[in-house]
Structures are given as structure tokens and as C-alpha cells.
Amino acid sequence: ARGLGSSSAALVAGAALADAVQGGRLGRAGVLRLCAALEGHPDNVAPAVLGGFTASVMVGTELSSAQFDLPPEIGVLVAVPDYELKTTEARAALPSLYSRADMIFNLSRSALWVAAVAGRDFSLLREACRDRAHQPFRARFVPNLERTIDEALDAGALAAFLNGAGPSVGALVGDASRAAVAAVLKSFAPL
């Protein structure tokens, strides 16, 4: 209920432990497939199993996933407020239909995220973090979300965003901006 994927991490830990007790027959790929099926989507379980930067989709009942390490020049800061936002409540805030323009907007930025990280062109991350699919609808549950994101970007964050379903706020930073962005996020919530 903080937007950090802890429920998926707990699911992965349980599945990995059960697999280890059973002799490791599933292996990492099997644990990932099992957890994605149990979760219903691979968004949070793939990073918990694979680590790093992941992109995963379900193709029918099969999982397709890619992973690579986050470049060492990028740091991750996350501010976690002292209140919870239930994922079910955050999901219920989303519309059942989106405009074509909003979907094109988000899909192009999803691709830009991958291109920016894979190509190490971090100047693209600021635009890649813009969103029309979930942040605007969940902002009412997270006081000062938009202001915090704007201030983090103004302080030099490479990207700033609602972390998962919220209410945590995440930022990607370089060494030069780490302290300034950390100060912004600390004014939102403890790091």
C-alpha cells in the first residue's frame, strides 16, 4: 500500500523459498512464470525476480521479459509518506476508457524510457516520466504530488514520478543532483 511492489516481492520470496525446498525444479524462470500467473501481470514480479530494469508482458499464458542493469550513473531516490494507499483504491480511480491521444502519449513515453536507459541518453528521461494514464487520476490521493514532481525535476532529477500505484514518489538522479532532489523529496516524505 505504498507503491513499492512489496506484495509482489513477498510473493516472489515465498515462491522462491518453496522452489528451493523442492530442489529448485522451477528455477528463476519458473518462479517468474508462476508469480506472474498468480499476480495476474508481471509488472512487479519481474523486477523482484530479475532485478535491474525490466520490461515484461504476458502473451496469452506465456511471459515475455527483458532485463538489463540500471546504468551505474543513475541513482534512485524514493520518498515514502507515512500513510497508505491501497492498490485496489488506486486502481479504481483509473478510467475504464482512455482517449487515443492519451494512449499514444503514454506508449511513446514508455518506449522513450527504454531507449533512454538502454542508450544511456538520460536527458530523455524527463520527458519519458510524463504520464496521462495514471498519475493525474491518482494525484487526489497523494497531496502535493504534482508540486513534488515539478520541484524534483527543477532540482535536477532526471525523472520524477508517482511510484507504482502510490503514494510514494520516486526520482532518478545523477550524482550532481542527488542532494538537491533528496531535499525536495524529504520535504514530501522521509527517504
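The values are calculated or read from the model by the stated rules, or taken from the named source; none is laboratory data. Keep in mind it's a predicted model, so treat the numbers as computed, not measured. Glycine also receives a Cβ, built like all others from the backbone with ideal geometry; neighbour counts cover every protein chain displayed. Keep in mind that these areas ignore ligands, DNA and RNA; they rest on the heavy atoms of the full protein, side chains included. Shrake-Rupley method; radii C 1.70, N 1.55, O 1.52, S 1.80 Å.
So how strong a dipole does the chain carry about its Cα centre when Lys and Arg Cβ are +1 and Asp and Glu Cβ are -1, to the nearest 20 debye?
Values: 17 positive and 18 negative charges, 54 e Å.
Using Cβ point charges on Lys, Arg, Asp and Glu, the chain gives about 260 debye.
Provide the FRET efficiency to the nearest 0.05 for the Phe137-Ala176 pair, computing r from the beta carbons and using R0 = 25 Å. Don't jump to the answer; show the numbers that get you there.
Details: r = 33 Å, r/R0 = 1.33.
So the FRET efficiency works out to roughly 0.15.
On a 0 to 90° scale, report how tilted helix 6-21 is relative to the longest principal axis of the chain, with both axes built from alpha carbons and the result rounded to the nearest 10.
Rounded to the nearest ten degrees, it is 20.
Could you report segment 55-191's accessible area per residue, 1.4 Å probe, as an integer in Å²? Present the calculation step by step, with values, prior to reporting the outcome.
Details: 7350 Å² over 137 residues.
Per residue, segment 55-191 has 54 Å² of solvent-accessible surface.
To the nearest Å, what is the center-to-center distance of segment 1-55 and segment 67-126, using C-alpha atoms only?
20 Å
Using a 1.4 angstrom probe on the protein heavy atoms only, line up Leu125, Leu107 by accessible area, largest first.
Details: Leu125 0, Leu107 120 Å².
Sorted by accessible area, descending: Leu107, Leu125.
When the dipole is taken about the Cα centre of segment 92-176, and only Lys, Arg (+1) and Asp, Glu (-1) are charged at their Cβ, what size is it in debye, to the nearest 20? Mind dumping the intermediate values first?
Working: 9 positive and 9 negative charges, 65 e Å.
Here segment 92-176 has a charge dipole of around 320 debye.
Order these peptides, 26-34, 161-169, 81-89, by their mean beta-carbon neighbour count within 10 angstrom, highest first.
Numbers: 26-34: 17.4, 161-169: 23.7, 81-89: 13.6.
Top to bottom by mean Cβ count within 10 Å: 161-169, 26-34, 81-89.
With the contact rule set at Cα under 8 Å and sequence spacing of 6 or more, what percent relative contact order holds for the chain? Kindly include the intermediate steps, with their values, before the conclusion.
Values: 293 pairs, mean separation 46.6, N = 191.
It comes to 24 percent, rounded to a whole number.
Can you pull the accessible area of Asp154 for me, 1.4 Å probe, Å² to the nearest 10?
That residue has around 120 Å² of solvent-accessible surface.
Mind checking the full-extension length gain between Asp150 and Ser7? Use 0.36 nm per residue of separation minus the Cα-Cα distance, one decimal, nm.
Gain on extension, Asp150 to Ser7, equals 48.6 nm.
Short version: what are the Cα gyration tensor semi-axes of the chain, square root of 5 times each eigenvalue, largest first, in whole Å?
Working: eigenvalues 156, 73, 66 Å².
In descending order the semi-axes read 28, 19, 18 Å.
Starting from 0 in steps of 10 Å, tell me what percent of the Cα-Cα pairs of segment 125-191 lands in each bin.
Reading upward from the zero bin: 23, 59, 18, 0.
When you have a sec, figure out the Kirkwood radius of segment 44-106 from all distinct Cα pair distances and drop it here in Å to one decimal? Walk me through the numbers before you get to the answer.
Working: mean 1/r = 0.0651 Å⁻¹.
Across segment 44-106, the inverse of the average 1/r is 15.4 Å.
Whenever you get a sec, compute what percent of the accessible area on the chain sits on carbon and sulfur atoms (1.4 Å probe).
Working: 5750 of 10200 Å².
The computed percentage sits at 56.
Give the relative contact order (percent, whole number) for segment 124-191; include only Cα pairs under 8 Å separated by 6+ residues.
Details: 80 pairs, mean separation 20.2, N = 68.
In percent, rounded to a whole number, it is 30.
At 7 Å along the Cα-to-beta-carbon direction for both Arg28 and Leu70, put a label point, then send me their distance in nm to one decimal.
Distance between the two pseudo-spin positions: 1.8 nm.
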